[in-house]
Amino acid sequence: MTEPDVRQEFLNLLYGNYPEIAKGHYVVLRRLQRDSNNEKIKCSCFDELGEVDKDIFCPICWGVGYLWTEEWLLTYSWYANRNDASNAFLNQILPPGMMDVPAKIFCAEYDCDIKEDDRIFEVSLNVEGNVITPVFREEAFKVIYSYPYRLDTGRIEYFKLFVHSEKLKYLNPPSYSNAE
């Protein structure tokens, strides 16, 4: 075999393989739970009008409105370049003009199967790149497009996730301490 194994090269990038240093970092992946029709499952905090009061903390969905599960995901990421043609769809024409949405690209392993509308949370890391506990979510990103990269044999080598920054009120559960 004369061609490199792209899947193995990507895994070496994430986990490292002597003499390469691991370049992956952990994020929290929030998968929205879906029913058999692939529809998002609504939380009980939805009212009769089909709306969620995002100012009141719901201990089940944290104000998102849908049920979800969280898991660790090892990724490699970078901020999208404004000149990158793949970033063009992130700018949407809205009245009265153009809106620039901060965009980032994450790459993840071939078996992650992330869907649109799932969320990725960057967490606090120490100077060595390890996750600080208790886990503190710093920034939320909504997955806009999940693209499986395939090569010659058709197998998925890795996923490229196009995301944009999302402002959520409850990245972390609220603290009810009396400390000032």
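None of the figures in this text is laboratory data; all of them are computed from the coordinates on show. These numbers were taken from a predicted model, which means no experiment stands behind them.
Quick notes on this structure:
- Bridging of LYS42 to lysines at a Cα separation below 24 Å is possible for LYS54, LYS115, LYS142, LYS167, LYS169, once same-chain residues fewer than 8 apart are set aside.
- Straight-distance crosslink candidates among aspartates and glutamates, where the alpha carbon sits under 19 Å from LYS40 and sequence neighbours closer than 8 are dropped: GLU48, GLU51, ASP53, GLU70, GLU71, ASP113, GLU116, ASP117, ASP118, GLU166
- Gyration tensor verdict on region 25-76 (Cα atoms; rounded if a/c is under 1.5, prolate if a/b is larger than b/c, oblate otherwise): oblate
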